[in-house]
Amino acid sequence: MLIRSPRRLTATPQVRPVTTARWPGTLTVSGVPSARPVRAAADFAARCPSPDRVRSVLAQVVQSGWCHPHDLHTELRGARLLSRPAIRAAAGELLAGVRSVAEARARDALTGTDLPAPLWNARLYTPDGTFLATPDAYWPDEGVALEVDSAEYHYTRDAWHATLRRRLRLEAHGVLVVSATPSMIRDTPDEVLKALGTLLTLTTPRRTPPTLTARGHQQLALPL
């Protein structure tokens with residue numbers, strides 16, 4: 001619970017009062033004035049000791065459409081949290097286009113290799129401007145994509161079919177796809193990297209790369 005400075009309240013096992021001089025804009029949820037998700041995520045990150053949980057919560061607030069990565073960066077900077085390595089790394093991943101912990105782990109694994117850097121969550125369009133798909137990672141020069149398919153998302157038949165149709169659309173336009181689950185990226189990243197490395201090597205140089213337009217994210221500097 002946020003309390004306007006300089007007032008202070010005693011904490012209870014269920015409620016932790018936090019005094020702040022940076023009073024946020026609010027929205028009403030079930031009749032209760034509440035901080036907007038971007039502020040709530042920043043306040044959580046400031047007090048969470050787990051880098052993975054920080055990654056997950058910051059990614060979720062962006063992935064759910066509650067705020068833009070730049071808005072989150074502005075909030076974190078205003079709270080002077082970008083000096084903390086875990087928070088700064090999570091904010092940098094979001095500006096690079098990463099939208100989940102699994103994607104962040106894949107990015108970490110790729111950073112330690114000589115494989116080229118992909119575009120994260122790039123929106124792919126056909127030559128006539130038709131939207132095709134948004135793979136989790138895409139190498140435009142090689143026409144290779146990485147899809148992180150969570151089992152939780154595929155509990156329904158419709159969701160599984162949607163994933164297969166997306167993969168078929170990509171392959172029909174010449175994109176080679178490597179599929180992996182979050183647990184594979186977490187537990188056996190070398191296998192995922194080997195599969196990616198094989199496809200990236202096979203397609204260099206590629207005689208007929210996909211004629212797709214990739215509108216992706218670029219890594220931006222994070223000033224403190």
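What shape does the chain take by its C-alpha gyration tensor, where a ≥ b ≥ c are the square roots of the eigenvalues and a/c under 1.5 counts as rounded, a/b above b/c as prolate, and the rest as oblate? The shape class here is prolate. Looking at segment 1-131 alone, DSSP beta bridges between its own residues are antiparallel in about 60 percent of cases. To the nearest 10 degrees, how steeply does helix 101-111 sit against the main Cα axis of the chain, on a 0 to 90 scale? The answer is roughly 60 degrees.
Bridge orientation summary for segment 57-209: considering DSSP beta bridges with both residues in this region, about 60 percent are antiparallel. Its Cα centre serving as origin, segment 49-174 has a Cβ charge dipole (Lys and Arg +1, Asp and Glu -1) of approximately 420 debye. Taking the average, over residues, of other Cβ atoms within 10 Å as the packing measure, peptides 41-49, 7-15 rank 41-49, 7-15 from highest down. To the nearest ten degrees, helix 51-63 and the longest principal axis of the Cα atoms of the chain are 80 degrees apart. The stretch between Arg7 and Asp187, if pulled fully straight at 0.36 nm per residue, gains 60.1 nm over its current Cα-Cα span. Local charge for Ala172 was computed over the other residues whose Cβ lies under 12 Å away, with Lys and Arg +1 and Asp and Glu -1, and equals +3. Against the chain, whose longest principal axis comes from its Cα atoms, helix 37-47 is set at around 80 degrees. Think of segment 76-199 as a dipole: +1 on every Lys or Arg Cβ, -1 on every Asp or Glu Cβ, centred on the Cα centre; then among Ala90, Val192, Ala79, Ala79 lies furthest on the positive end.
Taking Val29, Val178 and ordering them by how much accessible surface each has at a 1.4 Å probe, largest first, produces Val29, Val178. Taking label positions 7 Å along the Cα-Cβ direction at both Val18 and Ser34, the computed distance is 1.5 nm, reported to one decimal. A Cβ-based charge dipole, computed about the Cα centre of the chain with Lys and Arg at +1 and Asp and Glu at -1, lands at about 1140 debye. One decimal place: the segment His70-Thr111 gains 12.5 nm when fully extended, by the rule 0.36 nm per residue minus the C-alpha distance. Each part reduced to its alpha carbon centroid, segment 157-177 and segment 1-65 end up 39 Å apart. Across the chain, the relative contact order, built from alpha-carbon pairs under 8 Å that are at least six residues apart, equals 17 percent.
The values are calculated or read from the model by the stated rules, or taken from the named source; none is laboratory data. Keep in mind that this is a model prediction, so the values were computed, not measured. Counting neighbours? That spans all protein chains shown, and the Cβs are built from the backbone with ideal geometry, glycine included. Surface accessibility is based on the protein's heavy atoms, side chains included, excluding ligands, DNA and RNA. Shrake-Rupley method; radii C 1.70, N 1.55, O 1.52, S 1.80 Å.
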